[in-house]
Amino acid sequence: QVQLVESGGGLVQPGGSLRLSCAASGSILSIYHMGWYRQAPGKQREKVATITSGGITNTVDSVKGRFTISRDNAKNTVYLQMNSLKPEDTAVYYCNSVYGAFSWGQGTQVTVSS
């Protein structure tokens, strides 16, 4: 059974940066198309960035140019580099396959506030 553990969140001022990590155990992530999702209070979970098994990336318009998804297959880990953070980026961030195939982890809280 695949277990996903997200980390790297925290409190950051607007304009700041964070790097999130998603470490997996129980399976080899390299064969999966992976994504980062976020869920803000009172809102539905949304997918913000994806990376294919071949390394092709995509981001939603609201984070385009600010967020970068990457993966290190040797470490079985997916990353989300977040720059120029805005208060509206505040949410719990999760990773999963692009089809949500795995059990959801606990997520990591990102709070952007001055």
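A few points about this structure:
- Nearby lysines by direct alpha-carbon distance to residue 86 (threshold 22 angstrom, same-chain neighbours under 8 apart not counted): 43, 47, 64
- Surface/4 estimate of mean projected area, convex hull on alpha-carbon atoms of the chain, nm²: 6.4 nm²
- Net lengthening on full extension, residue 86/residue 109 (0.36 nm per residue, minus Cα-Cα): 6.9 nm
- For region 1-41 and region 82-114, distance of Cα centres in Å: 7 Å
- Evaluating 6.51 cos²θ - 1.76 cosθ + 1.60 at θ = phi - 60° for every residue in region 63-74, the Karplus couplings come out as 10, 4, x, 10, 10, 9, 9, 8, 9, 10, 5, 5 Hz, glycine and proline recorded as x.
- Sequence-separation-based contact order of region 1-76, relative, with Cα cut under 8 Å and 6+ spacing, percent: 23 percent
- The simple Förster model, with R0 at 30 Å and r as the Cβ-Cβ distance, assigns residue 73 and residue 45 a FRET efficiency of 0.75.
- Selected from 44, 81, 13 as most flexible by GNM, with the chain as the system and alpha-carbon contacts under 10 Å: 44
We did not get these values from a lab; they are worked out from the coordinates using the rules stated. What you see is a predicted model; the values in this text were computed from it and never measured. Counting neighbours? That spans all protein chains shown, and the Cβs are built from the backbone with ideal geometry, glycine included.
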